[in-house]
Structure formats: structure tokens, C-alpha cells
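Down below is the structure, laid out as C-alpha cells.
The values are calculated or read from the model by the stated rules, or taken from the named source; none is laboratory data. From a predicted model like this one, the values you see are computed outputs, not experimental measurements. Ideal geometry is used to build each Cβ from the backbone, glycine not excepted, and the neighbour counts take in all protein chains shown. Please note that ligands, DNA and RNA were not included when accessible areas were found on the heavy atoms of the full protein model with its side chains. Shrake-Rupley method; radii C 1.70, N 1.55, O 1.52, S 1.80 Å.
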Amino acid sequence: MVGWAIAVHGGAGVDPNLPTERQEEAKQLLTRCLNLGISALRSSVSAIDVVELVVRELESDPIFNSGRGSALTEKGTVEMEASIMDGNGRRCGAVSGLTTVKNPVSLARLVMDKSPHSYLAFSGAEDFAEQMGVEREENDYFITEDNVGMLKVAKEANSIVFDYRIPISGYESCGAGVESPIRMNGLPISVYAPETVGCVVVDSQGNCAAATSTGGLMNKRTGRIGDSPLIGAGTYACNVCGVSCTGEGEAIIRGTLAREVAAVMEYKGLGLQEAVDYVINERLDDGKAGLIAVSNTGEVAYGFNCVGMFRGCATEDGFMEVGIWE
């Protein structure tokens, strides 16, 4: 028996001018989700069930970029993706290109539990959702007024935007002729903001699990797939730890970030926080990202190399923290 631990995130890379009321809304949602997970863990719910439960709650609230409130493609539609992994046996499921599934993380769970596959995408994933009878909505359900406004800003700036969680006013001057100091896959982008939600849990049996869900990039090309559904990049769990990442998806993919945390723990003998710090500092090159992690001994850790990360964490011994900035 070990002490349980849980961490949640709502995206890395926060606009430093984010209005106070939006910061408070985000922290309230993170606190609510933490308490939901804590209550389940106290009732001996398994790690894999807790990460699904918490991410469903995050997907159902439009505060962050997943499920309802997902970022929009260049065509003004939503294409969602998610993954989930059970460290007990390294079982996993992932989905991409969803347009109607209310809770993508639960479809990823069904891919893991009810199919012979690990990953389904686009029409195949939608067909599977219909067969499984999961709750579905019209694409309009996922689109918010904020999304539409931020897509307009992104199109006017001829840029890809990581999310809409920034005030629209003040960015009217963003344009293709303005060179951004922030680059994605070697190309400049005009605005960097948080994206993705995730949860990692270790239960009292020492089992680790992780889940990640996102709407992706604002104004992304249709068909673009990021790190969130990619096992080993955005999500990973094994008998050592569970990890969920957020930030610049292309950099996270190149660095196989989530798996790297487990690898340096296994092969270099690093502790959890040491492993997180090492991976953030040594495996992102010029990319900007963050991650949350738990270990099989009940530790919890996080790290990021950008301006802020929406996160919260708690352990069985009473520790609890919800924050945004360093």
C-alpha cells in the first residue's frame, strides 16, 4: 500500500495579462476536479477510473481547450483528440479527429477496453463511437463565442494560435508581417496560449494512470494530430509513473516527452521531480511545454518552461496546491 496522489492540468503557456476573473475561474475548475478525484481515491476507485472521471469533468466545462470549448480548425469546426493509459500492463487507447463525441477520453477508454486496437481516428473513431453508444452532440455544441472570436483574430493574423484563453482585445495589430519570438516547428506564430487538459493518478495500490484530451490548435489545418493522443509523447503510464503533457505539440512529439520521464527514472535512477526537471530542461530543444506526473510511491511533480501552467495536485497526506504561475 502507498499513499495516493493526483495532479491535473489545463494547459501550459499562459498569457501574463490574463484577466484576474479568468484566472479565478480556471483555479476554481481545477480545484473542483481535484476534489472530484480525491473523493474517488478515498473511496478506493482505481487510478484508471479516476483519470477518466476527472478528464471527463474538464472536457464538459468550456473553460479549457477540450471537449466543449475546443479550439477551432481553419474551417471553423472542431476536431478533438484524447488518450488514456493504464500503467498496470501498459494498456492504452487513443482517438483523433472527433467531431461529435461529447467526452473523447471515454471513447479512448473504450478503444482500450472494447477493441483490439490502440488508436482510432476520424470516421473510424466516429463509427466506433456510434457502435459503442457513447453520448454525442452536434459540432455546434463544442463551439463557443470565444472560439469564434479567437479564430477571427488568428485568421486576420494569418497565424496558428494555441488556444483562445487570452483576451481578444489588444491583439488587433497582430499580423503576418510581425515576427514572433515564439516559434512552432521552426515557424513563427503570433500568439501562444494554453491548450490541452490532463490528469495523472497513482492509487493506494501503487497503480499509475494518465489521460490527456484537447481540441488542438486554433486555426489548425484539418487533419492535424498533436501530441495528446500519442502514447509516449503526450501521455504515458507504466509501473513506475504516469505523465500527461501540454504545450507545443510538435516539440512534445519530437522529444517523446511523457515516455522520457519514465525512461530517465528507469535507466538513470532519477526521482520523479528530478526526472521531470531533466526532461523539461534537456528534451524540448526550443519548444515550450509543461507536464504533470505521479510515481508509484505516491509522489507528485510538475514542470514547465513557459509563462505559467494551469495545474493542481494533491496527495493522501493532506498536501494540496492549485496554481498558474511559477
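Numbers below:
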read-out: Summed side-chain charge close to Glu316 - residues other than Glu316 whose Cβ falls under 12 Å, Lys, Arg +1, Asp, Glu -1; value: -2
read-out: Of all accessible heavy-atom area on the chain, the percent that carbon and sulfur account for (1.4 Å); value: 47 percent
read-out: Accessible area expressed per residue, segment 79-159, with surrounding protein chains retained (probe 1.4 Å, Å²); value: 45 Å²
read-out: Segment 221-326 - accessible surface per residue (Å², probe 1.4 Å); value: 38 Å²
read-out: Heavy atoms of Glu274 accessible to a 1.4 Å probe, total area in Å² rounded to 10; value: 110 Å²
read-out: Structure-derived mean projected area of the Cα convex hull in nm²: which label, when the choices are (i) 14.8; (ii) 17.3; (iii) 20.7; value: (i)
read-out: In the chain, lysine pairs with alpha-carbon atoms under 16 angstrom apart (chain gap of 8 or more, or interchain); value: 5
read-out: Segments 221-230, 206-215 sorted - mean Cβ within 10 Å per residue, highest first; value: 206-215, 221-230
read-out: Cut-off of 10 Å, at most 13 other beta carbons, DSSP loop: longest stretch of the chain lacking such chymotrypsin sites (Phe, Trp or Tyr not before Pro); value: 1-318
read-out: For segment 1-45 versus segment 192-263, the gap between their alpha-carbon centres in whole angstrom; value: 16 Å
